[in-house]
Amino acid sequence: MAIKRKKAIVKEKTAIHESIIAAGFGGQGIMLLGKLIGLSAMNEGKEVTWISSYGAEVRGGTAHSMVIISSLPISSPTVKEPDTCIIMNVPSFIKFEKKIKKGGLIVVNSSIVKGNSKRKDIEILKVPATDVAKKLGNVRVANMVMLGAYLKKRGFISIETAISSLKEIFTSKDETVIELNKLALKKGWEAAGGRG
Amino acid sequence: MSKVVKRILITGNEACAEGAIRAGCRFYAGYPITPQNELIGYMSKRMREAGGTFIQAESELAAINMVFGAAAAGERAMTSSSGPGISLKQEGISYLSGCELPAVVVNVMRGGPGLGNIAPSQSDYFQATRGGGHGDYRTIVLAPASVEEFATFAFDAFDLADKYRIVTLVLTDGALGQMMEPVPGSLFSDMKPAKRQSKKGWILDGCRGRKARSIKSLFLKDGELEELNKKLQRKYEEISKKEVRCEVLYEKDSEIFLIAYGIVARIVKSCVEKMRKNGLKVGVIRPITLWPFPNDIISKAVSKAKSMLVVEMSEGQMVEDVRLAVGDKCKVRFYGRSGGNIPTEDEITKILIDSRRGK
Amino acid sequence: MKKVFSRSKLLKDVPTHYCPGCGHGIVHRLIAEVIEELGIREKTIGIAPVGCAVIAYDYWDFDVCEAAHGRTPAVATGIKRVLPDRIVFTYQGDGDLAAIGTSEILHTANRGENISVVFVNNGVYGMTGGQMAPTTLINQRTATTYSGRNPKLDGYPLNITDLLKYLNGAYYLERCSVHSPKEVLKTKQAIKKVLQNQIEGRGFSLVEVLSMCPTYWNMSTQQAVDWIGANVVKQYPLGIIKNGDQA
């Protein structure tokens, strides 16, 4: 059997290569957050890899997923020095803040992570994601608030693509779930300076 | 955006399972073990939808022996696991081989020995390529390097298994198993199984209209077992001639070849592309079948190259086969990471530069 | 002269390798007779164990599959699930079923696989030279219990069929013996019952058959037969252990 691999890379003016670690407590929707980044990037024609890393515990421990977005084929899916970290809890902040590349970005859930970064060579974006999600009526969409902020800040993927990709992730859920996640994405986008 | 070809984002484990279903696999028995859980999870749903049998067995031993039964009854059957479970399955793999039954076994490798850890590894190379269990036998070993290949090799594995009545292994690692990456949207719908050979001549399905028969690997009479062994060897020889798969990059002018399989081959390729831009004459050899091993291809490459660097996620297993293929014709270096570490491009580049300086 | 008895057509006309006084030959014959009487030869697939009955396929004239030691019920499961309209039975010894294959028999019964099991219990490992089996009686001498089985060091006899009755998936369990003509006839009826259950789709059915091993019991044929009647049945009482028909 021979299946020719169809090249699906859309030509970019400038090549991009972004490695991301998204981390938080198990149950905060970290895997979903990473998958949605990957899916949205793929839907925009980029190459992506996504891989999760769990501790032995399922709930309450830290979980993180590694995502790579690139305009070129990706070799290894693991990320040791991320360009960006999306951090939703304190243990993850302690673990990953030091690993970020010089000049990189950390997006922090400031509702939970109160301290400041000691690093002067990275950019910090504070998003009160849990508080925003509570106001929306469901703390579980804090992950989408974080993602919305990230999308605005980095600008690699459009929020429209992320919203349309939501439907591929929540295939069996009802519309209200998608609407709530959509709203959370937008709130995050606004929190990072985007106009709603 | 309209020019973007529709793609699917899927984990390697799930893609493998779907590839197997598309190949007509209708019997799966497995046991949970990380990092292959997405595979058994996908099968539990999809296999029953497809009208086949899914059994979560009580152990890997039971799973492989259920596969043995299903294969004896003529079904396309498969099991999957990771190192510790694959060790248990060796009993069944040996019996399948002795009875010349076709089956597909998937090993999503993790770190060992013992319980090791659950991170990616390539440390089951010896076990996979030397037969693995007791007795004088071989299994075909396919090593995918992408999620797409994991699916297509699982698909191909069933044809190979049936063609030679042999166990075919798909050997990958935890990273390829658990990671998601895009595959073409038409990947699975394009998978059309070739016409299958009839198994009527040897399966056990009740002796209606024919003489009763048995499937066995016990040969007590004088000379009987050696006769089987010789027959198996002839089969292995034929497979070695016809089924070798290998990818070579920059074959013509490379002074140094990097040799790697699976996920490591991607990393090595990426290194080589970068070094080529800097004018270094380096190439890649990626064995796709680990058994039969591409001895001739490697041996041919040696005539022009000065040295080879084998990179593995183990403390050095495939490197032994490379050395056998190369003999004393050129220097073979080795770089390995183990315990769940994936070698980085920087590490490999440094080793190469050092070796060029003669370190 | 009227012919009142003849070899079943399903038994090949070859001498077996079994020792004089061994019970395997009787059980083989009973299975052949029952399959012949039920008219299911052409849809039957037997699974031979590892142990003295390892080459049962040389004696039966219907399809028979090999299995690794103890994995007999797993192989049967694979065949039966692929060919649900065929009749699949396992033939297992006490080492195969009650030691190395404990896990397989328990879970196959628990899944309620619609197969039949003929479990031959002679309390000893015959093929390997008469070592202790899980079913060896207390104080019984074997090649690995020279001064008799000592429960403090060697464990107790394992009544595995009794254990199985607690599993919801087990439909029918019976213990029989072949130490007398009367018991042989009962055993034949029980074998018929476990196969009939499968034909009717009732689920996991097992018959345990107490059997003689004069060679490794260091007894004459007569002594071995008497030993079952006097001792073995005390540890392993005969009769129906579970009957799903009456549940």
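The values are calculated or read from the model by the stated rules, or taken from the named source; none is laboratory data. Computed from a predicted structure; not experimentally measured. A quick note on method: Cβ atoms are made from the backbone with ideal geometry, for glycine too, and the neighbour counts reach across all protein chains shown.
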Taking only pairs six or more apart or across chains, which ones have beta-carbon atoms under 6 Å, a first residue in the range B:189-213 that is within 11 Å of another protein chain (Cβ to nearest Cβ), and a second residue that is of a type in the set (Val, Ile, Thr) and in a loop (DSSP other than H, G, I, E, B)? B:Asp190/A:Ile3
Residues of the range C:81-90 being of a type in the set (D, E, K, R) and facing chain B (nearest Cβ under 7 Å), in sequence order, are C:Arg81, C:Arg86
Hits in the range C:61-80 - residues which are crowded, with 24+ Cβ neighbours inside 10 Å and either out of contact with any Leu (no Cβ under 9 Å at 6 or more places or on another chain) or more than 7 Å from chain B (Cβ to nearest Cβ) (or both): C:Ala67, C:Gly70, C:Thr72, C:Pro73, C:Val75, C:Ala76, C:Thr77, C:Gly78, C:Lys80
Tell me, which residue of the range A:58-94 that is of a type in the set (A, V, I, L, M, F, W, C) and part of a loop (DSSP other than H, G, I, E, B) is nearest to A:Lys153 (Cα to Cα)? A:Met88
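Yes/no per residue for (1) at the interface with another protein chain (Cβ under 7 Å from one of its Cβ atoms); (2) within 24 Å of C:Phe89 (Cβ to Cβ); (3) part of a loop (DSSP other than H, G, I, E, B):
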{"site": "B:Glu18", "(1), (2), (3)": "no, no, no"}
{"site": "B:Ile33", "(1), (2), (3)": "no, no, yes"}
{"site": "B:Asn65", "(1), (2), (3)": "yes, yes, no"}
{"site": "B:Gly69", "(1), (2), (3)": "yes, yes, no"}
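Taking the options C:Gly112, C:Gly101, name whichever one is surrounded by 24 or more Cβ atoms within 10 Å (Cβ to Cβ), under 27 Å from B:Gly74 (Cβ atoms) and modelled with pLDDT of 95 or more.
Details: C:Gly112 fails: surrounded by 24 or more Cβ atoms within 10 Å (Cβ to Cβ).
Going through C:Gly112, C:Gly101 in turn, the sole match is C:Gly101.
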Mind listing whichever residues of the range B:261-281 are within 13 Å of B:Glu345 (Cβ to Cβ) and touching an Asp or Glu at 6+ places or on another chain (Cβ under 7 Å)? B:Ile263, B:Val264, B:Ile267, B:Ser270, B:Cys271
Which one is surrounded by the fewest Cβ atoms within 10 Å (Cβ to Cβ), of the residues in the range B:156-197 that are modelled with pLDDT of 95 or more, among the polar types (S, T, N, Q) and over 25 Å from B:Ser121 (Cβ atoms)? B:Ser189
Kindly evaluate C:Tyr166 against the criterion of being on the phi < 0 side of the Ramachandran plot, touching a residue at least 40 places away in the same chain (Cβ under 8 Å) and of a type in the set (Ser, Thr, Tyr). no
Collect the residues in the range C:191-216 that are assigned to a helix (DSSP H, G or I) and among the hydroxyl-bearing types (Ser, Thr, Tyr), keeping them in residue-number order. C:Thr215, C:Tyr216
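So which of C:His69, C:His28 is part of a loop (DSSP other than H, G, I, E, B) and within 30 Å of C:Gln223 (Cβ to Cβ)? Full working, then the answer.
Details: C:His28 fails: part of a loop (DSSP other than H, G, I, E, B).
Result of the check over C:His69, C:His28: C:His69.
One residue is enough: does the range B:198-216 have a residue meeting the conditions assigned to a helix (DSSP H, G or I) and not aliphatic (A, V, I, L, M)?
From the range B:198-216, those assigned to a helix (DSSP H, G or I) are none; that's our starting set.
Scanning the range B:198-216, I find no residue that is assigned to a helix (DSSP H, G or I) and not aliphatic (A, V, I, L, M), so the answer is no.
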Name the single residue that is surrounded by the fewest Cβ atoms within 10 Å (Cβ to Cβ) among those in the range B:78-109 being touching a Phe, Trp or Tyr at 6+ places or on another chain (Cβ under 9 Å) and within 7 Å of another protein chain (Cβ to nearest Cβ). B:Cys99
Can you confirm whether the range B:155-169 contains a residue that is within 11 Å of chain A (Cβ to nearest Cβ), under 26 Å from B:Ile342 (Cα atoms) and in contact (Cβ under 8 Å) with a residue 60 or more places away in the chain? no
The number of residues in the range C:217-247 that are over 18 Å from the mean Cα position of the chain (by Cα), in a helix (DSSP H, G or I), in contact (Cβ under 8 Å) with a residue 60 or more places away in the chain and within 24 Å of C:Gly130 (Cα to Cα) is 3
Which residue pairs have Cβ atoms under 7 Å apart, sit 6 or more places apart or on different chains, and have a first residue in the range C:116-142 that is free of Cβ contacts under 8 Å to residues at least 12 places away in the same chain and a second that is not aromatic (Phe, Trp, Tyr)? C:Asn139/C:Gly148; C:Asn139/C:Arg149
Give me the helices (runs of 4 or more DSSP H) completely within the range A:114-182, filtered to those with at least 2 residues that are under 14 Å from the mean Cα position of the chain (by Cα), ordered by residue number. A:142-154, A:159-169
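Looking at the range B:39-50, can you tell me whether even one residue there is over 23 Å from A:Leu32 (Cα atoms), acidic (Asp, Glu), free of Cβ contacts under 8 Å to residues at least 40 places away in the same chain and in the same structural domain as B:Asp159 (by TED's automatic domain parsing)?
Initially, the range B:39-50 is screened for residues over 23 Å from A:Leu32 (Cα atoms), giving B:47-50.
When the remaining residues are screened for being acidic (Asp, Glu), the result is B:49.
Subsequent filtering for residues that are free of Cβ contacts under 8 Å to residues at least 40 places away in the same chain retains B:49.
Now restrict to residues that are in the same structural domain as B:Asp159 (by TED's automatic domain parsing): B:49.
Yes, some residue in the range B:39-50 is over 23 Å from A:Leu32 (Cα atoms), acidic (Asp, Glu), free of Cβ contacts under 8 Å to residues at least 40 places away in the same chain and in the same structural domain as B:Asp159 (by TED's automatic domain parsing).
Out of the residues in the range B:234-287 meeting the condition of being assigned to a helix (DSSP H, G or I) and of a type in the set (S, T, N, Q), tell me which one is surrounded by the most Cβ atoms within 10 Å (Cβ to Cβ).
Here the answer is B:Ser270.
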Taking the range A:52-80 and keeping only residues that are modelled with pLDDT of 90 or more, more than 21 Å from B:Glu148 (Cα to Cα) and over 16 Å from the mean Cα position of the chain (by Cα), one is left with A:Lys80
Scanning for something within 20 Å of the chain's Cα centre (by Cα), more than 14 Å from chain C (Cβ to nearest Cβ) and assigned to a helix (DSSP H, G or I), does the range B:140-148 turn up at least one residue? yes
